[in-house]
Amino acid sequence: MENITVKDIIEATGGKLLCGDENKVIREFSIDSRTGTEDSIFVPIIGERVDAHRFIDSALELNGATFTQEHDHAEGDKPWIRVDDTLEAMQKVGTYYRNRLNLPVVAVTGSVGKTTTREMIASSLSSGLKVFQTLGNQNSQVGVPLTLSHIDQEDQVAVLEIGMSERGQIEKLTTMIRPNIAVVTVIGVSHIAQLKTQENICLEKMDILKGLPADGKVFLNGDDPFLKRYRGKLPFDSYFYGLDGECDYRAEEIVTRHGSTSFVFCHEDMRFPVSLEVMGDHYVRNALVALGVAHQMGLDPREAAGELSHFHGQRQRMIPAGACYLIDDTYNASPDSMRASLRVLSTMDGITGRRIAVLADMLELGEDERDYHYQIGEYIAGEKIDEVYVYGDLSREILKGIEDHNGKIRTGHFPDRESLTAFLLDYVRKEDIVLLKGSNGMKLSEVSQAIQNKE
């Protein structure tokens, strides 16, 4: 934060200064008592297990000020600010600071692909602007105000990711950041245990529009069955992106090869080739919205495409391991992202060996979790995939879905990660292409590392 004092923070939060200098400058928040500087304010958040107020004294050894909602008296040179709720106070300061900033904001939400889409939009906008983007995965009720505090006056545009875990959180975050452009990627089943239906998830994600000004712009995935229903129904300039022929920004002639994807970008009379160093239709959609946002912000899409041609991303990785070619997509998994990765494996050109999918459980899918795994099996049965090996109790349903619809795909279930690893190390060959995909908690990354280490 720039030019924010304790007095400003008191004004933003309606808090009370218990002690210290109201003119002290505050540049950032700290939510960890072990970190901070003389220019940061400690935010003691009350969590499910720990009340961080117990760490205020140690936090003030590093930090220059603190919030509190549990003290009515304090003494000392460092400011203590009494507020009703420390998390809400941090959010109010984030809102106050955002309102002082004179720069456009692009906000990204969705069930799948938020981070990659945000990174690709930031990459495309960097062709002509100084871009700030969400730090790491700070897209939550805590993370968004932390991120806002790091925007400075030199930034020309901010690309911010916002997430949720329960109803009402998207509206709170979009009101905080006041985006000029809103992007919704996919309506999946993440958090369906809390929101019960995909319709409810869609309503929550579309709440991002509640923070838009009257002249705001909206980008929606035109291939998503829930989002395409909004065509012609929104009071904003709206653009649909995807592979469907009716999309405003669309892709044609998609080709996926070892580690790369190419396509033709189409918008009205504009057509030109785009090359990406990542694989799959989902990356094509991400690139389309990135180029669309750049175009609507007055940048040359061709120059933006030049920036995207160097994009690598942090999720799916193509690794030429000694034992085989690996598609390492072990960061996390949901039904939508699982299908996207399987589609990459199925459609890659120039494969001379076997197409092998190594899958593990998708976690936190609620009461219908077995149905979602079975549906993945049904999907695989219609794809160009030779063999599927899984571990985890839920993943048995994947095999059942395959076997009920395609008896030609070779399958196998393993009781644990160790036996799966041992099998693969002995079984795969150099010309094989092997996809690794599962929820992070299943630790398929350890399988990936073992294969990479094999000489």
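The values are calculated or read from the model by the stated rules, or taken from the named source; none is laboratory data. Just so it is clear, the model here is predicted, and its values are computed rather than measured. Virtual Cβ from ideal backbone geometry, glycine too; neighbours counted across all protein chains shown. Just so you know, the surface numbers come from the protein's heavy atoms only, side chains and all, with ligands and any DNA or RNA stripped out. Shrake-Rupley method; radii C 1.70, N 1.55, O 1.52, S 1.80 Å.
Couple of notes before you dig in:
- Ranked packing of 119-125, 391-397, 272-278, most packed first, by mean Cβ within 10 Å: 119-125, 391-397, 272-278
- Antiparallel content of DSSP bridges confined to the chain, in %, to 5: 30
- Carbon/sulfur fraction of accessible area - the stretch 1-78, other protein chains in place, 1.4 Å, %: 42
- Nearest-0.05 FRET efficiency for R271 and V25, computed from C-beta distance (R0 60 Å): 0.70
- Computed log₁₀ I(q)/I(0) - Debye formula, equal Cα scatterers, no solvent, the stretch 70-217, q 0.12 Å⁻¹: -0.52
- Spacing of the modelled spin labels on D393 and K130, each 7 Å from Cα toward Cβ, amounts to 5.4 nm.
- Sparse-neighbour loop sites [GluC sites (Glu not before Pro); the stretch 1-71; at most 15 other C-beta within 10 Å; DSSP]: E2, E22, E38, E48, E61, E70
- To the nearest 10, the accessible area of K16 is 130 Å² with a 1.4 Å probe.
- For the stretch 141-253, Kirkwood radius (reciprocal of mean inverse C-alpha pair distance, Å): 15.1
- Total charge dipole magnitude, the chain, about the Cα centre, Cβ charges on Lys, Arg, Asp, Glu only, Debye to nearest 20: 760
- Counting charges near M176 (Lys, Arg +1; Asp, Glu -1) among other residues having Cβ under 14 Å from its Cβ returns a value of +2.
- Using every pair of distinct Cα positions in the stretch 227-308, the Kirkwood expression returns a hydrodynamic radius of 13.1 angstrom.
- Summed residue charge, Cβ within 9 Å of F311's Cβ, Lys/Arg positive, Asp/Glu negative: -3
- Taking all protein chains together and rolling a 1.4 Å probe, K217 ends up with roughly 40 Å² accessible.
- Take the Cα of R167, step 7 Å toward its Cβ, do the same at D300, and the gap between the two points is 5.0 nm.
- For the chain: accessible area per residue (Å², 1.4 Å): 43
- Of all accessible heavy-atom area on the stretch 154-268, the percent that carbon and sulfur account for (1.4 Å): 46
- D_trans [Stokes-Einstein, Kirkwood Rh over alpha-carbon pairs] for the stretch 309-392, 10 °C, 1.306 mPa s, µm² s⁻¹: 113
- Simple rule: put +1 on each Lys or Arg Cβ and -1 on each Asp or Glu Cβ in the chain, find the dipole, and look at G441, I385, A52; the Cα lying farthest toward the positive end is I385.
- Within straight-line cross-link reach of K172, lysines at Cα separation under 25 Å, skipping those fewer than 8 residues along the same chain: K7, K16, K92, K114, K196, K205, K210, K217, K228, K233
- Square roots of 5 times each gyration tensor eigenvalue, C-alpha, the chain, largest first, Å: 42, 27, 20
- Across the accessible surface of the stretch 323-443, with the other protein chains kept in place and a 1.4 Å probe, carbon and sulfur atoms take up 42 percent.
- Local charge for F236 was computed over the other residues whose Cβ lies under 9 Å away, with Lys and Arg +1 and Asp and Glu -1, and equals -1.
- Taking the Cα atoms of the stretch 122-180, the ratio Rg/Rh between the radius of gyration and the Kirkwood radius comes to 0.99.
- Rounded to whole Å, sorted largest first: equivalent-ellipsoid semi-axes of the stretch 252-403, Cα gyration tensor: 31, 18, 14
- A crude spin-label estimate for the pair T175 and E88, with each label 7 Å from Cα along the Cβ direction, gives 1.1 nm.
- For the stretch 219-309, a crude dipole built from +1 on the beta carbon of Lys and Arg and -1 on the beta carbon of Asp and Glu, taken about the Cα centre, is about 260 debye to the nearest 20.
- log₁₀ of I(q)/I(0) at q = 0.22, 0.23, 0.27 Å⁻¹ - the stretch 59-127, Debye sum with one point per alpha carbon: -0.98, -1.02, -1.19
- When nucleic acids and ligands are ignored and a 1.4 Å probe is applied, H150 ends up with an accessible area of around 80 Å².
- Contact order relative to length of the chain, as percent, for alpha carbon pairs under 8 angstrom and 6 or more apart: 11
- Expressed per residue, the C-alpha convex hull volume of the stretch 365-455 stands at 95 Å³.
- Partners for K408 among aspartates and glutamates (Cα-Cα distance below 19 Å; same-chain residues under 8 apart left out): E378, E383, D386, E387, E397, D432
- Directionally averaged projected area (the stretch 10-114, Cα convex hull): 8.3 nm².
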